[in-house]
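In what follows, a single structure is set out as structure tokens and then discussed.
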Amino acid sequence: MNSDFTINLMLIICFSILILVLFSNFFKILFRFIFNSLLGYFLFTIMNLLGFNLGGNLWTSLFCGFLGIPGILVILVINFII
């Protein structure tokens, strides 16, 4: 093994680790967004069963996925105002 091969191998390993770390944060954020969206949709479904008249559609789920629990509270407040 010559030194060029060793340096290239080390660079490939470093870039591979860097890419894995970057994508792990992306997947963590994506998983949290999807989890919050599903949580918001299920909370809307439960609130509809309890008598609140909330619309559980794609846009409200995405809004709750972006904001989380405060997004659900904002939609509740808007619903009571309207």
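Of the set (1) at positive phi; (2) at pLDDT 80 or above; (3) not acidic (Asp, Glu), all apply to residue 68 but (2).
Return yes when residue 25 is in a loop (DSSP other than H, G, I, E, B) and at pLDDT below 85 and no when it is not. Here the answer is no, as residue 25 does not meet what is asked.
The values are calculated or read from the model by the stated rules, or taken from the named source; none is laboratory data. Here the structure is a predicted model, which means the values were calculated and not measured.
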